[in-house]
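Notes to accompany the following structure.
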Amino acid sequence: MNNGLLLFFGIFLSLGGSFWALLLAPQVQIGRAQPVVLETTGETYPAPRSGLAQQGADIYRAQGCVECHSQQVRQSGVNFEVWLADSGSAWPQLAATMDRLKISDADKFITQAPVKILGGLTMLEASGIASQLTNGEAKASVVLATLGPDIQRGWGKRATVTQDYLYDNPVQLGSLRIGPDLSNYGTRAVPAALALQHLYSPQSTMPKSMMPPYRYLFNKRQIAEGQKRAANALPATVEPGYEITPTPEAEALVAYLMSLNASASLAEAPVPAPPVKSAIAAPAAPAP
Amino acid sequence: MSAPSSTSLQETEASGGVCNADEHDSVAEIDASCRWPLLLLFTSGILWLVLGTVLALIAAIKLHKGDFLADTSWLTLGRIRPASMNAVLYGFSSQVGIGVALWLMCRLGHVKLAFQWPVIVAWKLWNAAVTIGVVAILAGATTGFEWLEMPRGVAGMLFVAYALFGISLVATFAMRRESEVFPSQWYLLAAAFWFPWIYSAASYLLIVDPVRGALQASISGWFTGNLVTLWLTPIGLAGIFYFLPRLSGQPLHSRELASFGFWVLLFVGNFGGLTGLIGGPVPKWMPAVSTAANVCLLVAVISNAWNWRETCRASCTTSHRNAWKTDSVLRFIFFGAFAYLVHGVIAALMSMPTVASVTNFTYAVVARNNLVLHGFVGMVLFGCLYYIIPRLVQVNWPSESSIRAHFLCSAIGVLLLSLGLGIGGVLQGLKLANASVPFMDVVRGTVPFVGLSTLGVLLLLIGQLLFLSNYLKLLRAFAEPMVRAVCSVCCGCGSTAKPGVRS
């Protein structure tokens with residue numbers, strides 16, 4: 001290896017290898033993804049963000065929120081559950097079938113339908129049991145369950161996938177979780193006022209929180225007793241005697257947080273859909 | 001003769017045994033050709049390191065106490081952490097690494113530094129770019145991509161500056177007068193081409209003309225992985241491959257083994273960056289390729305370690321037997337080599353999907369990065385600096401005990417930082433994987449370990465300040481005769497200019 005030219009060609013070959021394998025191949029596979037039309041609602045997914053939320057994405061990037069918060073839900077796998085969707089009218093017969101399948105508490109399940117009867121099954125086991133229970137008016141269905149600590153913690157109902165990030169720039173996946181995952185912040189139904197208060201003083205909404213306060217995203221003004229507060233001011237209890245109003249940056253940031261939602265059911269990442277009473281009634285009607 | 005420390009100039013320069021001074025530039029001439037460009041690179045590199053460590057210290061304190069310095073947007077945690085990383089990566093590791101690379105190329109090729117002025121121009125441009133970049137990150141103009149946070153214009157400046165460095169490095173290699181190409185030169189040449197490739201490709205695809213969606217995450221992972229594996233690691237390895245045989249007074253055990261390790265690193269190592277995406281929103285084959293690559297890379301790590309071990313073992317029979325006890329440079333290099341081995345094993349472990357499902361998203365990843373940046377690359381670079389700087393200026397280090405203290409501080413600092421965050425990270429990951437532990441308890445549980453790492457950062461800082469003060473004293477001793485000469489020319493008062501300084 002004393003030949004400089006040969007050495008150079010070897011190095012050049014390695015550059016080329018990494019280009020083909022880790023830049024070009026992924027680009028071909030996922031770089032040209034397009035929004036899809038959801039089967040359930042007919043909407044395109046993902047939908048572009050509103051202008052304010054898009055500005056908020058810039059605030060999120062500029063504050064470096066990604067240093068502590070991830071935006072990806074991981075799923076360790078799936079298994080299947082059997083749900084009793086409708087117990088029909090022949091209850092004794094159903095109870096007997098359930099006894100034969102060694103399902104305890106049959107009576108309780110029958111009165112509570114729709115209810116989960118069994119969990120942690122493979123597709124084959126679950127559909128076998130469900131077909132035996134489906135008899136006459138009694139209906140049992142197989143329901144997919146997503147697994148993993150992230151999902152158990154309520155950070156999302158399914159793993160996040162390529163499709164979820166189509167309109168993000170920069171994509172802020174994050175590599176450290178000192179704060180909770182935010183990929184589904186918008187689905188948590190946190191009121192905007194509470195989210196703003198959390199930004200201003202995290203410990204006031206979550207006493208043990210380690211999050212640094214973002215007071216510089218707010219205006220603070222001394223206020224006399226009885227003086228009228230601005231409409232968007234934080235609750236008077238946050239800092240008595242002062243009126244704390246969010247800057248446009250803070251409001252944009254919260255709008256962005258509210259827009260974080262990766263809960264649409266996709267072909268590659270279905271969301272568990274257990275049967276509900278009303279949904280069962282509708283398709284059951286035209287059957288005969 | 002007790003083995004003289006290689007931090008001083010007494011060590012015989014001919015011990016490499018390949019230098020025939022007649023036809024080549026003499027070692028002193030070669031060192032002199034490197035003097036000014038390298039002193040500039042090293043000085044600013046050290047200052048960046050100190051700044052980066054101070055920022056890291058502030059960030060570490062903020063992880064205990066969120067309220068600390070919270071009212072200044074410039075000092076918010078999410079800006080300080082990337083600013084600190086960028087200062088260390090581009091200000092210190094890359095800059096000092098380039099300096100060391102230039103020197104090694106000169107020494108190994110027995111040739112003077114090519115293109116000295118462009119290197120100085122590049123130094124100005126590089127430091128201007130890093131300055132603007134770090135300020136921009138603190139001002140909130142970050143791009144949001146890990147280790148590539150500096151804004152678009154700065155990326156262009158850095159690239160141009162690097163091009164000048166790279167031209168000098170490759171030209172020095174091309175003009176070499178030694179027919180044998182030493183392993184260190186392979187690594188340096190590879191680094192010289194890999195850095196511009198990954199930096200320009202990642203900057204273009206992420207910042208200039210961004211690709212869409214999750215592909216950004218895979219390119220970002222490709223860049224961060226390769227910045228370590230094929231830019232900083234080759235420079236560190238070049239240092240180890242040069243100094244280990246040289247200071248232990250033995251030829252390298254096996255050139256073939258070194259060549260094997262080199263090609264494995266080059267062709268396999270570059271696929272290892274996507275382990276952060278295990279279970280993430282990209283096609284499964286991508287992180288799987290990285291897992292395989294990191295495990296294969298272990299072969300290169302072990303073959304290198306074996307090579308060094310055999311080299312050192314051979315020296316046990318010679319007068320260099322206890323060299324590492326007296327030789328500060330060798331101590332730094334040894335520590336770096338050991339950290340390289342440990343990092344290789346840990347990186348392979350942490351890319352296993354079962355392990356990664358615990359360690360990803362935890363401080364364990366931070367610990368691994370610190371181990372490679374401060375433990376391996378940082379320590380090797382400091383070893384190189386302790387050897388190179390006295391030879392550039394022909395002045396000995398003013399304080400040998402300060403060097404020993406620096407080593408001790410750095411070594412303990414790296415251990416506290418890596419072990420503290422590593423153990424804390426694994427515990428954090430185990431708790432994260434158990435959904436019955438409330439998230440708040442998971443985060444609170446990391447605090448004592450962050451405390452250990454803060455202590456580690458503090459020790460690193462003390463070590464760096466010891467280096468800095470020693471370095472400044474050395475520079476003063478170096479500059480004094482010149483200042484005197486200038487004074488005596490200008491006003492004829494040179495003999496009394498600084499009475500009593502040199503007693």
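Per residue of the protein assembly as shown, the DSSP helices (runs of n ≥ 4 H) give a summed -39500 (n - 2.57) that works out to -18500 deg cm²/dmol at 222 nm.
Distance from the Cα centroid of region B:95-170 to that of region A:1-34 is 23 Å (rounded to whole angstrom).
P(r) tail for region B:285-392: Cα pairs beyond 21 Å make up 47% of the total. For region B:22-118, the equivalent ellipsoid built from the Cα gyration tensor has semi-axes of 41, 10, 9 Å, listed from largest to smallest. Using only the C-alpha atoms, the convex hull of region A:141-288 corresponds to 187 Å³ per residue.
Which FRET efficiency value, to the nearest 0.05, do you get for A:Tyr242 and B:Asn434 by plugging their Cβ-Cβ distance into 1/(1 + (r/R0)^6) with R0 = 35 Å? For A:Tyr242 and B:Asn434, the calculated efficiency is 0.25. Share of pairwise Cα-Cα distances greater than 37 Å in chain B is 27 percent (whole percent). Local charge for B:Met352 was computed over the other residues whose Cβ lies under 15 Å away, with Lys and Arg +1 and Asp and Glu -1, and equals +2.
Each Lys and Arg adds +1 at its Cβ and each Asp and Glu adds -1 at its Cβ; summed about the Cα centre, region A:96-214 shows a dipole of about 200 debye. Counted residue by residue at 0.36 nm each, then reduced by the alpha carbon distance between them, the extension gain from B:Leu455 to B:Ala171 reaches 97.9 nm.
Projecting the Cα atoms of B:Pro118, B:Ala136, B:Leu38 onto the dipole axis of chain B, where Lys and Arg carry +1 and Asp and Glu carry -1 at the beta carbon, places B:Ala136 farthest toward the positive end.
To the nearest ten degrees, helix B:215-227 and the longest principal axis of the Cα atoms of chain B are 30 degrees apart.
For chain A, the orientation-averaged shadow of the C-alpha convex hull comes to 25.7 nm² (one quarter of the hull surface). If R0 is taken as 22 Å, the Cβ-Cβ distance between B:Ser399 and B:Ala28 corresponds to a FRET efficiency of 0.35. The relative contact order of region B:32-87 comes to 42 percent, based on Cα pairs under 8 Å that sit 6 or more residues apart. Rounded to whole Å, the principal axis extents of the Cα atoms in region A:77-147 read 36, 21, 19, largest first. Computed on the Cα atoms alone, the convex hull of region A:160-206 gives a volume of 111 cubic angstrom per residue. Label sites at B:Trp117 and A:Gln203, each approximated as a point 7 angstrom past Cα along Cα to Cβ, lie 6.0 nm apart. The fewest-to-most ranking of B:His374, B:His64, B:His343, A:His198 by surrounding Cβ atoms within 10 Å reads B:His64, A:His198, B:His343, B:His374. Taken residue by residue and averaged, Cβ atoms of other chains lying within 10 Å of the Cβ of A:161-167 number 5.
Here the average projected area of the convex hull drawn through the C-alpha atoms of the protein assembly as shown stands at 43.5 nm².
Using the Cα centre of chain B as origin and beta-carbon charges of +1 (Lys, Arg) and -1 (Asp, Glu), tell me which of B:Ile240, B:Val170, B:Asn370 is placed farthest towards the positive end of the dipole. Going by the charge dipole, the pick is B:Asn370. Taken about its Cα centre, chain A carries a charge dipole of roughly 380 debye when the Cβ of each Lys and Arg holds +1 and the Cβ of each Asp and Glu holds -1. Taking Cα atoms only, the orientation of helix B:255-268 departs from the longest principal axis of chain B by about 40 degrees. For the pair B:Arg313 and A:Val190, a Förster radius of 56 Å applied to the C-beta separation gives a FRET efficiency near 0.35, rounded to the nearest 0.05. Against the main long axis of the alpha-carbon atoms of chain A, helix A:248-259 sits at an angle near 20°. With no solvent and one equal point scatterer placed on each C-alpha of region A:12-80, evaluate the Debye formula and give log10 I(q)/I(0) for q = 0.14 Å⁻¹, two decimals. Log10 of I(q)/I(0), two decimals: -0.90. With distances taken between every two different alpha-carbon atoms, region A:40-85 has a Kirkwood hydrodynamic radius of 14.8 Å.
Across region A:203-243, Cα pairs under 8 Å and at least six residues apart give a relative contact order of 39 percent. From the Kirkwood radius over Cα pairs of region B:369-503, Stokes-Einstein at 20 °C and 1.002 mPa s returns a whole-number translational diffusion coefficient of 119 µm²/s. Could you sort out which of B:Lys124/B:Lys325; B:Lys62/B:Lys473; B:Lys62/B:Lys431; A:Lys108/A:Lys208 sit more than 31 Å apart by Cα distance in this structure? Listed pairs above 31 Å: B:Lys124/B:Lys325; B:Lys62/B:Lys473; A:Lys108/A:Lys208.
Picking from A:Phe109, A:Phe218, A:Phe12, which is most flexible by a Gaussian network model of chain A using Cα springs under 10 Å? The residue with the greatest mean-square fluctuation here is A:Phe12.
What is the sum of charges around A:Met206, taking Lys and Arg as +1, Asp and Glu as -1, for the other residues whose C-beta is under 14 Å from the C-beta of A:Met206? My count for the surroundings of A:Met206 gives +2. Split chain B at each of the trypsin sites (Lys or Arg not before Pro) in a DSSP loop with at most 13 other beta carbon atoms within 10 Å, and the longest piece is B:285-501. Each residue of region B:89-232 gets 91 Å³ once the volume of the Cα convex hull is shared out per residue.
Every number in this text was worked out from the coordinates using simple rules, so none of it is lab data. Treat the numbers as computed from the prediction; the structure is a model and nothing was measured. A quick note on method: Cβ atoms are made from the backbone with ideal geometry, for glycine too, and the neighbour counts reach across all protein chains shown.
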